[in-house]
1. Can you pull out every residue in the range B:422-449 that is in a helix (DSSP H, G or I), touching a helix residue (DSSP H, G or I) at 6+ places or on another chain (Cβ under 7 Å) and facing chain A (nearest Cβ under 10 Å)?
2. Taking B:Leu489 as the residue in question, decide whether it is part of a helix (DSSP H, G or I), at pLDDT below 80 and closer than 21 Å to B:Gly183 by Cα.
3. Scan the range A:142-161 and report the pairs whose first residue is among the polar types (S, T, N, Q) and whose second residue is at pLDDT 70 or above and not in a helix (DSSP H, G or I), with Cβ atoms within less than 9 Å and a gap of 6+ or a chain change.
4. Which of the numbered conditions does B:Gly414 fail, given that it passes all the others? Conditions: (1) without any contact (Cβ under 8 Å) to a residue 12 or more places away in the chain; (2) within 21 Å of B:Ile32 (Cβ to Cβ); (3) within 10 Å of chain A (Cβ to nearest Cβ); (4) part of a helix (DSSP H, G or I).
5. Among the residues of the range B:369-390 satisfying the criterion of being of a type outside the set (Phe, Trp, Tyr) and crowded, with 21+ Cβ neighbours inside 10 Å, which is nearest to B:Ile112 (Cα to Cα)?
6. From the list B:Leu369, B:Leu397, which one is of a type in the set (A, V, I, L, M) and under 30 Å from B:Ile115 (Cβ atoms)?
7. When you check B:Gly97 against the structure, is it more than 18 Å from the chain's Cα centre (by Cα), outside any helix (DSSP H, G or I) and modelled with pLDDT of 75 or more, yes or no?
8. Collect the residues in the range B:391-411 that are touching a residue at least 60 places away in the same chain (Cβ under 8 Å) and outside any helix (DSSP H, G or I), keeping them in residue-number order.
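The values are calculated or read from the model by the stated rules, or taken from the named source; none is laboratory data. Source: prediction; values computed, not measured. Every residue, glycine as well, gets a Cβ built from its backbone with ideal geometry; the counts of neighbours run over all protein chains shown.
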Amino acid sequence: MASKPWSEAACGLGLAAAGGFFATFAWRMPRGPDPSAPGPGVAPLALGVLLILLGIAVAAASLMKRPLTAEAVEATPGDDGRRKLWIAAALLAACVILFEPAGFMLATFAFLLAGFTQLGGASWRRAAPAAAIAAGGLWLFFTKLLGVGLPYGLIGEILFR
Amino acid sequence: MDAFTHLIGGLWIALQPKYLLYCFIGCFWGSIVGVLPGLGPLAGMALLLPLTYTLDPTGAIIMLSGIFYGAMYGGSTTSILMRIPGEAASVVTCIDGYEMAKKGRAGAALSIAAIGSFVGGVLSVLGLMLLAPAVADAMLAIGPAAEFTILATALVISMFAATGPIIKTLAMVALGLCLAMVGLDPLTATPRFTFGSLNLSDGFNFAAIAIGLFGVSEILMSFGQTIKDRPKAPPLREMLPNRQELRESAAPMIRGSGIGFLFGIVPGVGHIVSTFASYAVEKALSKKPEQFGKGAVAGVAGPETANNATTGAAMIPLLVLGIPAIPVTAVLLSALTVHGVQPGPQLIANNPQIFWGLIASMLVGNLMLVILNVPLVGLFVSMLRMPYGYLAPMVLLICVIGVYSLKASSFDLGVMLVAGFVGFALRRGGFDLAPLLLAFVLGDRIEINFRRALTISDGDPMIFLKGPAAQGALGMLVVILAGIVILRLRQRRKAAAG
């Protein structure tokens, strides 16, 4: 898929920053007495420097590109797609952060409720029971059938344990 | 005859009820993940990885392999019915498969895809069975220098086979290798980039990285797509191809098997390249090339066969060399390692029940799939009719649960989240993520062998060029790179002429 020059440039600079991070901390690691016994710092230092150079090269190359064609512009998501993208990303981040403190059932129910209403366009009245059934079903499937441990959360720990 | 004797032993293992059940679970779940856009075989396998920890190694690898080739089957369903590839390797099937569906031959297209997948799967398993023991014997004699050269060659080949400019691919490889170095140094146990964190001392969890990079980023990318057509399942009576279609499929299936097998052995090349190569070959050999793009049967039969043939062939570098040729087999490597089984030249000798049990299971599994996929098309279509706004949260949630279930670690969830966002950003920037994951998986072994080899040679770098194994790997690299360069030059000439 065609990419916008600025997104390529941002990725290039990000990679260069990552390379700088690795090279900086690898510099402080032992690099071994001589080439016959390379230490733990040699490979990450070399790779970090390589990543800096490559990141800068990618960023520079992208800024020298021609402007996007109309076809490439159509391939990028429209306003609605972008809105849903941001919502999905925010919901996922919230679910990850709250997964242990809130517990599986609460976090899952809230995530699916918000997902079905904001991403699927369902009404609260239809989304709530669907989210509750899905959360319960997944709990049974993963804990009882697959034997996977899922968190109770603070409230669940107080009430059920 | 020896191989067939072992195969009989493998069948004795694979046909045990519990292994048949694991194979069925893997194939069924694989078909589902292949059908669902956003959940590819890699994410699907990573999600079931925790379940396999409770199984024995043979059962674990049988189930995970079932998901692998099951997903190859499932991906063709959405390609044919909706022109959306269920997974990346089914992109080519969209071209003629969807056109066949528009002409009312959706059932025939699905059946041809299923039969082709079966033929490709079986022939590649036979190739695996005959070649793998011979390659394993040859690999027993190599030392760290040759192993480094082979691993590095695999990485370089995968770089040239990836999409996009070489400079971007090299950046992905460098990033993957850097990420592999987080944790304790394998030779001296020196903490690297851990910052005192116990979580980071073990390094990044492979499944969290894989699901984030490929699963989460895929869902986020999919919000840009508009799905207009609601698919309809063809009636069961229209599922079978007619005689003409079967005749037109036969030769492409045989050729597709060969093409898929050859590409599957080469690290980094994988299913996408083999399916495109098969399509190009069929079009070049066809007496009616103008039919391609308008519902040519060979345009479905060849690529789908090549797709599944690649699966069996990709097992050779994994099982015999311990090199995951494609990211999906990295999950298999991870599962084997967790069970204390080290893939490599010793696997066939030390764990024959795993190797031959797996081969026999792949034969059984391919048969299961061709029987399953025809009547289950209705179920798959009903899943596809679910609006994406409902499907996406469910898939994301399954990713969260899958990663958490590995070590009950919220840190791993954070890794998955960050990997997902980074993967999304990199894909928007036009980067191919497969080399990143391959480099991440191979990074430790590449570094260990590099340092050991230099210690043995007292710092002389020429050690990496000595010995038949290293020279053979370099020879293969030269041949494959030459082939890639020639193909790209031809493509550029055609584009310039067009």
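1. Within the range B:422-449, B:Phe424, B:Ala425, B:Leu426, B:Arg427, B:Arg428, B:Ala439, B:Gly443, B:Ile446, B:Glu447 qualify.
2. no
3. From residues that are among the polar types (S, T, N, Q), the pairs are A:Thr143/A:Gly149; A:Thr143/A:Leu150.
4. Going through (1) without any contact (Cβ under 8 Å) to a residue 12 or more places away in the chain; (2) within 21 Å of B:Ile32 (Cβ to Cβ); (3) within 10 Å of chain A (Cβ to nearest Cβ); (4) part of a helix (DSSP H, G or I) one by one, B:Gly414 breaks only (2).
5. Here the answer is B:Asn373.
6. Within the list B:Leu369, B:Leu397, the selection yields B:Leu369.
7. no
8. B:Ser409
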